[in-house]
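These notes concern the structure reproduced below.
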Amino acid sequence: MAIPVPDAARLAALSQHYGFGLTEAEIDEFIPAVQATLVASEEVERLHARTAPAMPERESSVPADNPLNAWSVRTKISETTEGPLAGRTVAVKDNIAVAGVPMINGSASMDGFVPRRDATVVRRLLAAGATITGKSTCEDLCFSGASFTSWPSPVRNPWDRSRNAGGSSSGSAALVANGDVDLAVGGDQGGSVRIPASFTGIVGHKPTYGLVPYTGAFPIEQTIDHLGPMTRTVGDAALMLGVLAGVDGYDSRQPTGLDPVDYLAALRESPAGLRVGVVREGFGTPVSLAGVDDSVRAAVEVLRSAGVTAEEVSVPWHTDAMAVWNVIATEGAAYQMVDGNAYGMGTWGQYDPELIAHYAQGRIARGGELSKTVQLVGLSGRYTFELGGGKYYAMARNLSYELRAAYDAALAEYDVLVMPTLPYVARELPSPGISLAEYLDTALSMIGNTAPFDVTGHPACSVPAGLVDGLPAGMMIIGKRFDDATVLRVAHAYEQAVGGFPAPAGAGAGVTS
């Protein structure tokens, strides 16, 4: 498609943006020079069209029966009846591309988009025999820890439909907890696998950064993007991680090589002798519910009965970790997810040009419909970027190594660290018209323990620690980077010791261990 040649007024505006100070005569001189550069862009578009895949024909529909609002769209896609996931049903978070199936990422800004390519995790699920039965609802551009920002409707918690299911992988958690699917894929940048897992009483594993390829998922910020399994049992999480993990060659978040790990085999090893460090700073926060802290300490006692040793450890850096995450997740996300139209530039990887173009138009045309959490990212992140030119983001990224080293020092003494996943249980869904302060508190106040490990990249798994006032609370188990097997081993030992995890009343049975 021919690119319109910018006129003098457009170039004058660009000159002002960059502070070039070009005169009218200089701008007129630049017009033909700029026009000459457009030929390359037109040629790249032509060349790209030669290799772009055709849109596959896959049937999908918006479900009429959707009491939890957890389905974004229903479908039924399978490729083989053989493999480790044969016969298992999977919900894919709607920030992950399933070719030929609508993908709105919980946002009016993405309404009408249909991807042409399957995400790597989708291809791996299908090759392993899974059946994808739909896309699960997620929060608006995945930037909320509570399930009321998803467009067009909030996701309800199957334990109590007046309460939120957690975010941003809200639909994935609700569908697994309710027994509507066997397995689900979630995404995690500030806790978005583990938060809804904790609120709905399921297993949510955020893998080591780079273990599972992010290719084909809608990014928030390159350095904190993760995808991971959400299941009813630890065994299913280990099985699913074995399918999802591994280098795909298209994601710069990943190392160049990864040795395969049999995560299921690791679960068969005895937990006796493993050392657990109970992180003091993860308890008793200003928003902590005493019952949640108590349930996690009781869960640690269960682990002791299973043969592990456990003692309290202090990681002072944990109390400062949120400042680091906040800068990366505001300034970094404003630069990449907002101004950079999700993908940004400057890294190796497989981009989705159709998604970028669709979202670039949608976020401007429907910016007023974006959640207040996304609007906060744009306002705050862009302001600090303009103020400091990116220095605050640079400082935060530098500090991330100190933060990682602090957890690594504790993990040199212990096999895993433990703390509450979240400080409280699921809150009621807020009513429309609440104040901005209430809105942001409901959406973000729970992430103090989860978000730091998106910055550092350590694996972290949430398992149900029990019920508090009839609602699930979660225990988070954190391990050394690329030692996801030990994290899952400890989680499995706990699950076995308590005899399995409870399900909400009326949940379907369609889950096997």
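What follows draws every value from the coordinates through simple rules; no lab data is involved. Note that this is a predicted model, so its numbers are computed, not measured.
Side notes on the structure shown:
- With both residues required to sit in the chain, DSSP beta bridges show an antiparallel share near 70%.
- Relative contact order (%) - criterion: Cα under 8 Å, at least six apart; region: the chain: 17 percent
- Residue-averaged 222 nm ellipticity for the chain, from DSSP H runs of 4+ at -39500 (n - 2.57), nearest 500: -10500 deg cm²/dmol
- Overall form of the stretch 387-430 per C-alpha gyration tensor (a/c, 1.5; a/b vs b/c): oblate
- Pairwise Cα inverse-distance average, inverted: Kirkwood Rh of the stretch 225-362 (Å): 19.4 Å
- Over all pairs of different C-alpha atoms in the stretch 249-297, the reciprocal of the mean inverse distance, the Kirkwood hydrodynamic radius, equals 15.4 Å.
- Over all Cα atoms in the stretch 356-486, the spread is summed up by Rg and Dmax: 18.6, 53 Å.
- Square roots of 5 times each gyration tensor eigenvalue, C-alpha, the stretch 292-407, largest first, Å: 37, 19, 15
- Cα gyration tensor of the stretch 335-391 - equivalent ellipsoid semi-axes, whole Å, descending: 20, 18, 7
- When the inverse distances between all different Cα atoms of the stretch 156-209 are averaged and flipped, the Kirkwood radius reads 10.7 angstrom.
- Once the Cα atoms are used to define both axes, helix 290-305 deviates from the longest principal axis of the chain by about 60 degrees.
- Cα-based reach from residue 206 at 17 Å (exclusive), listing lysines while leaving out same-chain residues under 8 positions away: 93, 480
- Against the rule of thumb 2.2 N^0.38 Å, how large the Cα Rg of the stretch 411-513 comes out: 1.27
- For the stretch 1-79, the Cα gyration tensor yields ellipsoid semi-axes of 47, 21, 9 Å (square root of five times each eigenvalue, largest first, whole Å).
- Taking the convex hull of Cα positions in the chain, its mean projected area over all directions (nm²): 24.0 nm²
- Pairwise alpha-carbon distances in the stretch 48-155 exceed 21 Å for 37% of all pairs.
- For the stretch 115-256, average projected area of the Cα convex hull in nm²: 7.9 nm²
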